[in-house]
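Report on the following structure.
The values are calculated or read from the model by the stated rules, or taken from the named source; none is laboratory data. Keep in mind it's a predicted model, so treat the numbers as computed, not measured. Using ideal geometry, Cβ is built from the backbone for each residue, glycine included, and neighbour counts are taken over all protein chains shown.
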């Protein structure tokens with residue numbers, strides 16, 4: 001069942017599920033905080049900008065970290081037909097009976113910006129690493145400390161058998177933008 005704003009407010013506070021937590025929608029810039037049936041989370045000011053070079057192949061089994069420039073800034077320009085990695089401003093601690101689904105914000109989608117975040121599995125915790133793609137033929141700008149994506153919470157009526165924490169997931173408790181691990 002998809003959870004309401006009332007459930008999100010109570011659970012986020014009781015379980016310390018989102019930190020920092022904004023218990024209402026903030027509409028300054030690109031909105032963030034609790035919405036009707038989800039939580040709009042923010043983008044931090046840390047980015048890894050892809051710098052294409054000849055003969056670079058992005059391979060998740062042998063990832064070329066030198067293909068990225070690390071930048072701290074209030075806004076980031078994504079070159080045309082390229083992408084950056086970012087991270088959420090919020091730290092998440094997902095309960096054992098919850099799964100989230102993530103969607104990019106429509107304000108960015110209308111500019112050709114696509115946010116790809118995998119679901120937050122039961123008992124996953126950390127800052128979310130975000131892949132933010134510019135699918136347009138011109139550069140686009142994204143803003144730190146403003147909304148980037150929305151998560152929807154799906155609650156099961158029973159705990160999962162094996163959580164992300166139980167599996168000792170490789171992205172558990174990540175604090176920084178995390179490149180692929182195998």
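Quick check on my filter: what residues within region 171-182 are farther than 9 Å from residue 128 by Cα and either outside any loop (DSSP other than H, G, I, E, B) or without any contact (Cβ under 8 Å) to a residue 12 or more places away in the chain (or both)? 181 - this is the single residue of region 171-182 that is farther than 9 Å from residue 128 by Cα and either outside any loop (DSSP other than H, G, I, E, B) or without any contact (Cβ under 8 Å) to a residue 12 or more places away in the chain (or both).
Candidates are the residues of region 109-124 that are out of contact with any strand residue (DSSP E or B) (no Cβ under 7 Å at 6 or more places or on another chain) and farther than 25 Å from residue 94 by Cα; the one that is surrounded by the fewest Cβ atoms within 10 Å (Cβ to Cβ) is 110.
Restricting the first member to region 4-29 and to residues that are at positive phi and surrounded by 12 or more Cβ atoms within 10 Å (Cβ to Cβ), and the second to residues that are modelled with pLDDT of 90 or more and in a loop (DSSP other than H, G, I, E, B), the beta-carbon pairs closer than 6 Å and six or more apart or on different chains are 29/146. When residues in region 7-43 are screened for being in contact with a helix residue (DSSP H, G or I) (Cβ under 8 Å, 6 or more places away or on another chain) and more than 17 Å from residue 143 (Cβ to Cβ), 10 of them pass. Restricting attention to region 157-166, does a residue exist that is surrounded by fewer than 18 Cβ atoms within 10 Å (Cβ to Cβ), modelled with pLDDT of 95 or more and not in a loop (DSSP other than H, G, I, E, B)? Checked region 157-166: no residue is surrounded by fewer than 18 Cβ atoms within 10 Å (Cβ to Cβ), modelled with pLDDT of 95 or more and not in a loop (DSSP other than H, G, I, E, B).
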